[in-house]
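A short worksheet on the structure shown next.
None of the figures in this text is laboratory data; all of them are computed from the coordinates on show. Remember, predicted model here, so these are calculated numbers, not experimental data. With ideal geometry, Cβ positions are generated from the backbone for all residues, glycine too; neighbour counts draw on all protein chains shown.
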Amino acid sequence: MAASSSASFCFTKRRRLKASISAPTGFVHSIHTTFDQETERYVDLPPQWESLIVQPGDDRQRPRPIVEGEEPSDAEVWTFLEALGPIPDDEFVEYRASVVNLGSVDVREYGGRGLSAAPSEFTMRSLSYYADNTLTRRGARSREDPPARLSHEEFRMALQSVVSRRADAALRELCSFVKIGEGSTGIVCTAFDRRMRRTVAVKRMDLRKQQRRELLFNEVVIMRDYPHVNIVKVFDTYVVQDELWVVMEYMDGSALTDIVTRTRMNEEQIASVCKACLRALAYLHSQGVIHRDIKSDSILLSSKGQIKLSDFGFCARVAPEIPKRRSLVGTPYWMAPEVISRLPYGPEVDIWSLGIMVIEMADGEPPYFNEPPLQAMRKLRDLPAPTFRDLASIPPRLQSFNDRALVRDPMQRATAFELLQHPFLNQAKANGAFLPLLKNVRHSVC
């Protein structure tokens with residue numbers, strides 16, 4: 001009889017260990033907003049959020065630009081500081097987006113041209129202070145302590161070192177101020193210049209109320225260092241108390257916005273605006289400057305029929321060492337898809353915005369203008385390129401021109417130089433195309 005054997009198997013239940021989750025560490029609540037029941041509005045919103053949120057009573061007709069910070073490269077910092085004075089070869093200054101606005105990308109990217117050849121003692125002392133607090137060995141960055149930020153008074157004095165004239169000259173020579181407009185960075189007034197004996201436009205920007213105060217250097221540098229027949233001229237710049245004043249030629253016609261919102265433009269008038277704007281952009285792009293806020297508000301007209309580009313506060317510069325930008329800057333309805341997607345971009349974004357402005361001139365408003373900014377931005381990012389509301393009524397040459405501007409792939413998008421050769425622009429007039437429209441606008445305003 002065969003012996004039988006038995007085996008016993010022991011099954012044990014494996015203990016399931018609970019994950020140990022600690023409480024949050026290093027938590028910073030940097031934004032706090034509340035809803036005011038009396039005014040029925042959100043309060044204490046960051047400026048960038050205010051640009052995207054529709055509040056009760058808001059006038060949605062003229063949306064405000066968005067501007068977010070961007071962190072420049074070490075090469076940008078090094079180039080700028082070397083332009084200001086000697087720095088040891090084995091050292092560099094670490095820059096972060098929250099750091100001193102004097103050494104910002106927007107000043108630095110012009111190679112120090114916005115600063116005097118011999119920096120003031122204050123400028124060098126400020127940079128020395130900045131360097132002492134953020135200096136590390138090349139390749140050995142310190143991430144422990146955030147760098148110091150210039151105080152308001154230090155920033156005001158730094159800006160004072162790049163303007164063209166002293167504040168007392170502005171107070172002595174400018175009089176009879178009349179407010180004529182208000183933008184995202186400040187107000188615009190007409191004034192009489194006793195020295196030049198003519199009416200001028202004065203853009204006044206409060207240093208304390210800027211989304212990114214370092215962008216004020218653009219207002220000083222761009223129009224001064226890049227003169228062009230289709231760019232508004234700058235005569236003088238001042239720091240008066242807590243304001244930057246930019247004294248410009250007075251374009252006594254109107255902004256293009258006044259025309260597109262009150263009447264319809266014909267093909268000849270649209271071509272005239274496009275040709276003038278493209279001439280300015282072709283020049284700026286050849287110098288490595290991106291405007292980043294092309295729209296009807298940025299185009300000014302004179303009673304003599306001149307058409308000029310203005311509003312350079314959101315410009316950026318590209319160069320071989322910084323070939324692309326990434327920051328979210330511009331006005332929502334006119335933004336290029338690559339800007340909204342936070343992809344690296346170059347001057348091509350201005351061409352997209354020009355194409356949107358062409359639709360604005362033909363239809364009276366940009367695409368998706370009846371929708372909140374965030375929804376419009378999503379559609380611009382995700383949907384095919386927008387086109388005219390009544391496409392069948394648009395002349396073929398105009399359609400062809402805009403099809404070259406509104407190309408989603410920036411590598412396939414036409415350049416300013418290429419669009420200047422388009423047959424559509426042959427019907428543009430040098431002066432006079434807008435004179436009838438200007439008369440109608442003035443009459444409707446009165």
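The calculated P(r) of the stretch 254-445, using every Cα pair and 10 Å bins from 0, goes 9, 39, 38, 13, 1, 0 in percent. Values of log10 I(q)/I(0) for the stretch 312-416 across q = 0.11, 0.12, 0.18 Å⁻¹ run -0.33, -0.39, -0.86, by the Debye formula with one identical scatterer at each alpha carbon and no solvent. The orientation-averaged projection of the convex hull spanning the C-alpha atoms of the stretch 207-278 amounts to 6.6 square nanometres.
Computed over the stretch 167-249, the quotient of the alpha carbon radius of gyration and 2.2 N^0.38 Å is 1.04. Measuring max minus min along each principal axis, the C-alpha atoms of the stretch 204-356 give extents of 40, 39, 26 Å (largest first).
Listing Cys175, Cys277 from fewest to most neighbouring C-beta atoms within 10 Å gives Cys175, Cys277. Taking Lys and Arg as +1 and Asp and Glu as -1, the other residues whose beta-carbon sits under 13 Å from that of Arg381 total +2. Here the Karplus relation 6.51 cos²θ - 1.76 cosθ + 1.60, evaluated at θ = phi - 60°, turns the backbone of the stretch 262-273 into coupling constants of 10, 8, 9, 8, 8, 4, 5, 5, 4, 5, 5, 5 Hz, with x for every Gly and Pro.
Rounded to the nearest 20 debye, the dipole magnitude of the stretch 167-249 is 160 debye, with +1 charges on Lys and Arg beta carbons, -1 on Asp and Glu beta carbons, and the Cα centre as origin. Residues His291, His285, arranged from fewest to most other Cβ atoms within 10 angstrom of their Cβ, appear as His285, His291. The amide H of Gly253, built 1.01 Å from its N in the peptide plane, has Leu301, Ser302, Ser303 as neighbours under 5 Å, considering only residues 5 or more places off or on other chains.
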